[in-house]
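The values are calculated or read from the model by the stated rules, or taken from the named source; none is laboratory data. A quick note: this is a predicted structure, and the numbers were derived from the prediction, not measured. Cβ coordinates were reconstructed from backbone atoms using ideal geometry, including for glycine residues, and neighbour counts include every protein chain displayed. The protein model used for the area step is the full one, side chains on, heavy atoms only, and it has no ligands, DNA or RNA in it. Shrake-Rupley method; radii C 1.70, N 1.55, O 1.52, S 1.80 Å.
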Amino acid sequence: MAELNASGGLAAEAHRRIIGMILDGSLAAGARLQEAPLGEALGMSRTPVREAIKRIESEGLAVQEGRFLKVRRLPRAEIEEIFFLRLQLEPEATRAAATALAPARIEEMAARTRAFIGGSENGGQWELDDAFHAMMLDAQNNRAVIDVVAGLRRRTCMFDRSQVPERYLRGFEEHLAILDALGRGDGDAAARLMTDHLAHARDAVLGRLDALEDQKARRP
C-alpha cells in the first residue's frame, strides 16, 4: 500500500510540474509529451510521468497527432465557453438540491468542508471539490448533465492551489455558504450563490491566464 501511495504521489507531482511547464510556455503548444525526456527533465522514472501524461490527455491538454501526443494549451475562449456552460447547468441543479437532498447529507458535506478548511491541507482538494459539485448534480438526477459537467471540470482541473492559490480556501468557504442555504431549504439563494461561486472561479482562471501571458511577453 505504501508503494502505491508513493507512486500516486509522484504521479501527482509529475502532473503538477508538467502542467506548470505547459502554462508557463516551457512546453509550447505542439510540443511532444514523451515519457523519457520528461522523466529526465523532472528527475523521475517513467511510471509516474506516464500516469501524469495520461491524466493530462484526459483533461484535454494533449492531443494525439500521428504517433505523438502533443501539448494542446486551452485558449481563453475555451475557458469562457466551459464556464458559460457550467453557469447554465449547475445553478439549476443546486436549486433542485434544496428539496432533493436529505438534511443529513447536506450537513455531512458541510462537516467535511469545515474540517478541510480547518486543516488547510492541499491533499484531497479536488476529491472534496468533486464530491460537492457531484452532490449538487446528483440531486437533479440527469445523467447527461452529470456527464457534461464532469467533462467540463476535467478540462480546468489543472488550475489548482499551485495555479490559483487565492481560490483555494475561498472556494470552499463559498461551498459552505451554498450548503447553509440548502440546509435552510432556500433553493433560490443556493442557486445565486452557485452562480457567484462559478463566476469567481472563472475570473480567477482567466486572471491566471492573463498573468502568464504577461510574463511571457516580458521575457527578453
Evaluation of Pro75 against (1) surrounded by fewer than 13 Cβ atoms within 10 Å (Cβ to Cβ); (2) at pLDDT below 90; (3) over 18 Å from the mean Cα position of the chain (by Cα) (one fails), failing number: (3)
Residues that are assigned to a helix (DSSP H, G or I) and open to solvent by 60 Å² or more (accessible area, probe 1.4 Å), drawn from the stretch 134-146: Asp138, Gln140, Arg143, Ala144
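Yes/no per residue for (1) surrounded by fewer than 17 Cβ atoms within 10 Å (Cβ to Cβ); (2) farther than 24 Å from Ala144 by Cα:
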position: Arg95; (1), (2): no, no
position: Ala110; (1), (2): no, yes
position: Arg114; (1), (2): yes, yes
position: Trp126; (1), (2): yes, no
position: Phe132; (1), (2): no, no
Could you tell me whether the stretch 192-203 includes any residue that is at positive phi and in contact with a helix residue (DSSP H, G or I) (Cβ under 7 Å, 6 or more places away or on another chain)? no
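Return the residue satisfying two criteria in turn: it lies in the stretch 30-72 and is among the basic types (Lys, Arg) and more than 23 Å from the chain's Cα centre (by Cα), and of such residues it is farthest from Arg17 (Cα to Cα). Steps first, answer last, please.
As a first pass, look at the stretch 30-72 and keep what is among the basic types (Lys, Arg): 32, 46, 50, 54-55, 67, 70, 72.
From the residues that got through so far, the ones that are more than 23 Å from the chain's Cα centre (by Cα) too are 32, 46, 67.
On the way: Arg32: 15, Arg46: 14, Arg67: 24 Å.
That would be Arg67.
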Output for the stretch 57-72, where each listed residue is surrounded by 14 or more Cβ atoms within 10 Å (Cβ to Cβ) and in contact (Cβ under 8 Å) with a residue 60 or more places away in the chain: Glu59, Gly60, Leu61
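Would you mention how many residues in the stretch 97-108 are part of a helix (DSSP H, G or I) and surrounded by fewer than 19 Cβ atoms within 10 Å (Cβ to Cβ)?
Looking only at the stretch 97-108, we keep the residues that are part of a helix (DSSP H, G or I), and these are 97-100, 103-108.
From what's left, surrounded by fewer than 19 Cβ atoms within 10 Å (Cβ to Cβ): 99-100, 103-105, 107-108.
Count: 7.
For residues that are basic (Lys, Arg), part of a strand (DSSP E or B) and at pLDDT below 90, tally how many sit in the stretch 43-72.
Keep residues of the stretch 43-72 that are basic (Lys, Arg), which gives 46, 50, 54-55, 67, 70, 72.
Retained after the next criterion (residues that are part of a strand (DSSP E or B)): 70.
Those left that are additionally at pLDDT below 90: none.
Counting residues in the stretch 43-72 that are basic (Lys, Arg), part of a strand (DSSP E or B) and at pLDDT below 90 gives 0.
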Looking across the stretch 147-174 at residues that are surrounded by fewer than 18 Cβ atoms within 10 Å (Cβ to Cβ) and over 13 Å from the mean Cα position of the chain (by Cα), the single one that is nearest to Glu78 (Cα to Cα) is Val148
Pairs under 7 Å by beta carbon, first residue touching a residue at least 12 places away in the same chain (Cβ under 8 Å) and over 17 Å from Glu57 (Cα atoms) in the stretch 141-162, partner open to solvent by 20 Å² or more (accessible area, probe 1.4 Å) and in a loop (DSSP other than H, G, I, E, B), six or more apart or different chains? Arg161/Asn122
Residue within the stretch 10-27 that is open to solvent by less than 30 Å² (accessible area, probe 1.4 Å) and not in a helix (DSSP H, G or I) present: yes
